[in-house]
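Below is one structure, written out as structure tokens; the observations come after it.
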Amino acid sequence: MNERPARPPRPQHVLEVVSTSRLTPHLVRVRARGADLTAFRESPHTDRYVKITFVKPELGLEPPYDLAALRETLAPDDLPVTRTYTVRAVDGDEISIDFVVHGDEGLAGPWAATAQPGDRMVVSSPGGGYAPDPEASWHLFAGDESALPAIAAALEALGPDARGAAFLEVAGVGDELRLVAPENVEIVWLHRGEPAAGTSRVLVDAVAGWTVPDGRGQVFAHGEREAMKALREVFFAGWALDRSQVSLSGYWAYGRTEDRFQAEKREPIGKIL
């Protein structure tokens, strides 16, 4: 059986942190400047994402990194680690990326919480696969904190006459953001309270109870993997939407490390569509 050839890695951009700001108790925005961000400015996608590469400072590696060569020469515990994040905004030669932070948990969040101006950040050129369809009769957005940057960018890209709703799951009222959206797109904040992220059904239940407007709409739903699987049943079995109307993906999985989550994308448990 012929295997698909591996996709070549996207070009790397070495950025310098300009500033950080705490948007909510669990969300930190990092603004970073780069020399050539043409690929970011020209991206047609509102869910444009990058791979951020983290290396151990004590190794003294200088970016951009030859990841293939490093895999041949470094010990497994010293290999660079990548994390995927959505670009929240592009402004000239600067990009903004929002990081979910839960104390010392994870890798990227703690880095963002302590980043200082002048620190370097190595990111890939952006990927992406979604942009609001101006011809859609209605729009539905659904996600947890991990999807907030992509949903916020999509809301800003909607035309003034767009209609629909955005269901956004966060821990509590302190995690809500001020979002810009057309007048006829309702913003619905859902508070899961004490339950841990990835263990609540508030998002799934709220979306399932929404009254679908007439006409051919468009859905963007991203977040915790099992919640997205539950929404898959709502969209296709319940609402009989066509696959072409729905952008649906898991950004993370409860109880899984990032590396295990990425590996499971190739296994049945990791399949959303």
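Here, each number is a calculation from the coordinates, and none is a lab measurement. Keep in mind it's a predicted model, so treat the numbers as computed, not measured. Ideal geometry is used to build each Cβ from the backbone, glycine not excepted, and the neighbour counts take in all protein chains shown.
Brief remarks on what is shown
- Dipole magnitude of the range 139-270, debye to nearest 20 (Cβ charges: Lys/Arg +1, Asp/Glu -1, about Cα centre): 400
- Environment charge of Glu224, counting only residues whose C-beta is closer than 12 Å and scoring Lys/Arg +1, Asp/Glu -1: +1
- Tally of Lys pairs whose C-alpha atoms are under 21 Å apart, taken over the chain, 8 or more apart or cross-chain: 4
- Evaluated with a Cβ-only charge set (Lys, Arg +1; Asp, Glu -1), the range 185-244 carries a dipole of roughly 180 debye about its Cα centre, given to the nearest 20.
- Volume per residue that the Cα convex hull of the range 1-138 spans, once the total is divided by residue count, Å³: 180
- Diffusion constant of the range 212-263 at 4 °C, which comes from Stokes-Einstein with the Kirkwood Cα-pair radius and 1.567 mPa s, µm²/s: 108
- Sorting Asp77, Asp36, Asp93 by the number of Cβ atoms found within 10 Å of their own Cβ, with the fewest placed first, yields Asp77, Asp36, Asp93.
- Extension gain, Arg71 to Glu264: 0.36 nm times the residue separation minus the Cα-Cα distance gives 67.4 nm.
- In the range 139-270, the alpha-carbon atoms span a convex hull of 113 Å³ per residue.
- Using alpha carbons only, the radius of gyration of the chain set against its Kirkwood radius gives Rg/Rh = 0.96.
- In this simple spin-label model, placing a label point 7 Å from the Cα along the Cα-to-Cβ direction at both Asp91 and Arg243 gives a separation of 4.0 nm.
- Distance between modelled label sites at Glu183 and His102, nm, 7 Å Cα→Cβ extension: 4.0
- Measuring between their Cα centroids, the range 131-145 and the range 160-210 lie 13 Å from each other.
- Additional length obtainable on full extension of the chain from Arg41 to Glu156, 0.36 nm per residue less Cα span: 39.9 nm
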